[in-house]
Amino acid sequence: MRRVLLVIAIILATLFIGSVESDVRSVNAVPGEILSFDLKITNDRNYDRNIQLSYNAPEGFLGKFIYGGKEVELLRLGANESKTVQFQLEIPLNAKEKEYSVGINAAGSLMLRINVKMPEDPLEIIPSISGVAVEAGDEVSFPILIENRLNAEYSIDLSCLIPGNWSYKFTENGIEIYRIILKPNEVRLLTLEVESDSSSDVGEYIIIPYFNKQSIELNVKITKTHKGEHGKIKLKIVSKDGKPVDSAKINVSGVGEFFTSAEGEVVIEVPLGTYKLELTKEGYYSKEIDNVDVKAGKTTDLETITLEKRPYFAEIAVTNPRISFVIGSGNPTFKFRIENRGYADDTYRLSLKGLPENFYSKFKESQQSTEAISEVFVKSEDSKDIYLEILTPPYAKIGVYNLTLLVEGHYSVEKNLTLSLKGEYRIYFEPVGGMYLITSEAGKTAEFNAILRNIGRGVTLTNINISATAPAGWSVAVNPSEIPALEAESSLPVKITAHVPPDTLPSEYRLRINIRSDQTELQEDLKVIVKEKSYAGLIGGGIIITALIGLIIIFRKFGRR
Amino acid sequence: MSLIVVAKKEFADQITSKRFIVILALMLLISAFSFYQGIDGFMRGYRGMNSEVRLSIIQIFGFFGTFGITTSGAILGLLMGFDLITRERESGSLKTLLAHPVFRDQIINGKALGAFAAMCLVVVLTLIIALGILAIKGFIPSLDDLIAIAKFGLVTLAYLFTFFSIALFTSTVAKNSSTSLLVAFGIFILLSVAMPMLGNLVAQAVVGPPPNIGPPPIPHPQVQENPDAKVVEIEKSPEWQEWRQKMEEYQNKRRAVESFFNIISPTTNYRTLISSLSERPVLISFQSKDVTKNLVGFIMLPVVFFVISYIKFLRSEII
């Protein structure tokens, strides 16, 4: 219908105005191309007249009339005068490949035929390198020169066909690109960067980069595979001021925890895959890093990562977190250091939890100090040594006491302390009234009444055995000789009976009392003075007197003349 | 019968002489003093030793014998016999005596018997008083102790008789009492003092100086925890064993030579014999356990002197 109307219009224009002519009636074009036609417009009349210039083109086709370098819509022609006007027609980029008709109305009418058709190879693609040999996991760069053969601008979508698990990107001047527009006959240098999979087997692989529908074929030869090997993640953690952060924890998802060295560095060996890293360090804000790709046999270098310090943070280092102490031998003292690791100064309150009844504690700035403190001010990045003295009651029970040290400031820290109180094993044996020495006679019995006392601290003495070592022929009985247990600070009467043999010479004799328990032992000496019998002096005196009387008798008998 | 008469006469003369009484008194005093000392020493030793060891009180007698009798007993024996014949000879009573129906052997035997009885009196009296002192101090001797004391008395009696026989010998051979006394004391010193010294010199000359090796050095104990263990370790070392063996060999040789001279010394024999009576050696630490040689020497000496005296007296001319 539209064509019929166009034909009628052209006929009417021919009949009443003049003529328009062109040497070119039919052209081939590509979308986006700007076509230029020279139109000769003639005024058939013998008078001047204004000629209206117009065109009739499909939707999207843009045309304009240029005369004398300027766009014109109305042209004045003298009688029978002819002028040449340039008609420019821009083919839309989205024009389909087919033949289009464009009607020109200027004194007459003219039909132009536009055959829109895209050429087979609008681009000329020239790779500098078409084959590269690398190890699996390496990255390859292919410089590719592309030229637009069209007279029109040409938009190119960039893509690439690569083996599985490989990756690619197009770059131009270091910038990753995926689409470009080439001006007519423009030449551009692109780089195709292809990263191979480190698990790729040894062999030759084909890479096909696509520039719209045009493509070329490139080759990558893998000379060494890292299949089955672990990869590594390398990173260095520093604080904001550039100091390395040591002992920072790196939690690698699904793998485990790792810590940085004193230089803040860590190299973690993990199976190939993609990981999430969580970086934490007390006193610092934690940081997460997602999608860390690790390739077999390759090191993924995350380079330097900065952790930001918290304003308030403290660390407590206890020199002696476990103390083993004998009750009654002084006061156990813990030593600890408060280190303010935050970037702000802080004041810390000191307290202790878990202290049993009758136990007391005292925080001091030095071991010898008698002054107790309850708070301490520590500047940022500074530290302070504190002594915690535990005042134990003299008869504390032995055992292990778990204490909690609380250091509370803007940031609070708790530390577990263990106080192991040990008992003192001491036994005491004393005869009642201090009677270590008893006088007796041969044939009689010496009896000691003594007290056995557990003077140790906090411990029960068990399996106490009391025996006595006496001179030959003596019989000694100890009652009781076996005591199953004797609690601390308790005592027991002990009776020791020694029978002095009748033929014992008068002298001082020693009874050695041996007291043995599972925990300790003791020896004490008791003395028995065996005195001569009361009649011994009489007998002795009688013997001497008898001897002297006998001597006198002999003298008298034999001395008589 | 004449023998008994002479013996009684001699016994009476002995016990009534002022010299005997003085010496007896002196001896009793010395004995009492040394006995008290012996008791004290015994008690000290008794307390110092392991209380499980039972000691015998004969050790008190050992001390008493060594320090109380060896000198005073010897002097008593000498004084009792040095003028036994010379005095009779000097006073002329020997001729008078021989004018009676009595034989020379009866005279010398009777005199010896009388003197022996006086010595028995001394010894018995001393022992009885010693027992009295013991009883006063509370020591009631057992039967074993009494037997040991009896043995001690016999040995002491033999000791006194040894010096009596020496004095009898000098009295028989000397022309007067003073010579006899001098000679008797000379022999006493020779046998009691000179012979042991001579034995020592001869042993040194025969055996030579001790081996010129010192004991192996004792390492400085670095650990004082158990010094006993260190000592045992040292004694087990081959160097120490070798040194000890050589020193023992040397001492045995020396002792063998010395013991030959000591057999002639009654004092040494007496000490050895009374020491052997006690269970533990208190005073003579290195005595030989076998006292047979000492016993033979101890008995032989008075017998020899008495026999010589006997023969000399029987054959002598009475002027």
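The values are calculated or read from the model by the stated rules, or taken from the named source; none is laboratory data. In this text, all values refer to a predicted model and were calculated from it rather than measured experimentally. So basically every Cβ, Gly included, is an ideal-geometry build from the backbone, and we count neighbours across all protein chains shown. To get the accessible areas, we keep the full protein, side chains included, count just its heavy atoms, and leave off ligands, DNA and RNA. Shrake-Rupley method; radii C 1.70, N 1.55, O 1.52, S 1.80 Å.
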Which residues qualify? For residue A:272, with a placed amide H closer than 5 Å and at least 5 residues away or on another chain, they are A:231
The ³J(HN,Hα) series, computed from each phi in the range B:145-152 with the Karplus coefficients 6.51, -1.76 and 1.60 at θ = phi - 60°, rounded to the nearest Hz and given as x for glycine or proline, is 5, 5, 5, 5, 5, 4, 4, 4
Filtering chymotrypsin sites (Phe, Trp or Tyr not before Pro) in the range A:487-561 by DSSP loop and by at most 12 other Cβ atoms within 10 Å leaves A:535
Partner shielding of A:547-554, taken as the mean number of other chain Cβ atoms within 10 Å, equals 4
Ignoring ligands and nucleic acids, residue A:341 exposes an accessible area, probe 1.4 Å, in Å² to the nearest 10, of 80 Å²
Filtered hits (lysines, Cα-Cα < 17 Å from residue B:9, offset >= 8 within chain) -> A:557, B:18, B:95, B:111
Whole-number value, in Å³ per residue, for the convex hull of the alpha carbons of the range A:319-365 is 114 Å³
Using alpha carbon centers only, the range A:59-88 is separated from the range A:393-435 by a whole-angstrom value of 113 Å
Taking 0.36 nm per residue of separation between residue A:72 and residue A:99 and subtracting their Cα-Cα distance, the length gained on full extension comes to 7.0 nm
With all protein chains in place and a 1.4 Å probe, residue A:457 shows an accessible area in Å² (nearest 10) of 60 Å²
Measure of exposure for residue A:250: accessible area at 1.4 Å probe, Å² rounded to 10, is 0 Å²
Which residues qualify? For residue A:221, with a placed amide H closer than 5 Å and at least 5 residues away or on another chain, they are A:132, A:133, A:134, A:205
On the formula 1/(1 + (r/R0)^6), with r taken between the Cβ atoms of residue A:52 and residue A:210 and R0 of 35 Å, the FRET efficiency rounded to 0.05 is 0.10
HN-Hα couplings for the range B:166-172 via Karplus (6.51, -1.76, 1.60; θ = phi - 60°), in whole Hz with x for Gly/Pro, come out as 5, 5, 4, 4, 5, 5, 6
When the charge dipole of chain A is computed with +1 on Lys and Arg Cβ and -1 on Asp and Glu Cβ about the Cα centre, the Cα farthest towards its positive end, among A:125, A:348, A:468, belongs to A:468
Per the charge dipole of the range A:354-456 (beta-carbon charges, Lys/Arg positive, Asp/Glu negative, Cα centre), the residue among A:401, A:374, A:436 reaching farthest to the positive end is A:436
Quick calc, chain A, dipole around Cα centre from Cβ unit charges on Lys, Arg (+) and Asp, Glu (-), nearest 20 debye, gives 3060 debye
Sorted by chain and number, the residues with a modelled amide H under 5 Å from that of residue A:258, at a separation of 5 or more or across chains, are A:250, A:251, A:252
Expressed as a whole-number percentage, the relative contact order of the range A:193-326 with C-alpha contacts under 8 angstrom and at least six residues apart is 24 percent
Under the Karplus relation with 6.51, -1.76 and 1.60 and θ = phi - 60°, whole-Hz ³J(HN,Hα) for the range A:182-190, x at Gly and Pro, equal 9, 6, x, 6, 6, 10, 10, 10, 10
Listed by chain and number, the lysines with an alpha carbon less than 23 angstrom from that of residue B:137, same-chain partners under 8 positions apart left out, are A:444, A:527, A:531, A:533, B:151
Rounded to the nearest 10, the angle in degrees between the Cα long axis of helix A:536-559 and the longest principal axis of the Cα atoms of chain A comes to 40 degrees
Expressed as a whole-number percentage, the relative contact order of the range B:95-181 with C-alpha contacts under 8 angstrom and at least six residues apart is 25 percent
When the charge dipole of the protein assembly as shown is computed with +1 at the Cβ of Lys and Arg and -1 at the Cβ of Asp and Glu, the Cα pointing farthest to the positive end, of A:284, A:507, A:258, is that of A:507
Toy charge model, Lys and Arg Cβ at +1, Asp and Glu Cβ at -1: the range A:412-561 dipole around Cα centroid in debye, rounded to 20, equals 1220 debye
Taking the protein assembly as shown and counting helices only, DSSP H stretches of n ≥ 4 at -39,500 (n - 2.57) each over all residues, the nearest-500 ellipticity at 222 nm comes to -10500 deg cm²/dmol
Once the in-chain neighbours fewer than 8 apart are removed, the lysines whose Cα is under 29 Å from residue A:117 read A:40, A:64, A:96, A:98, A:183, A:213
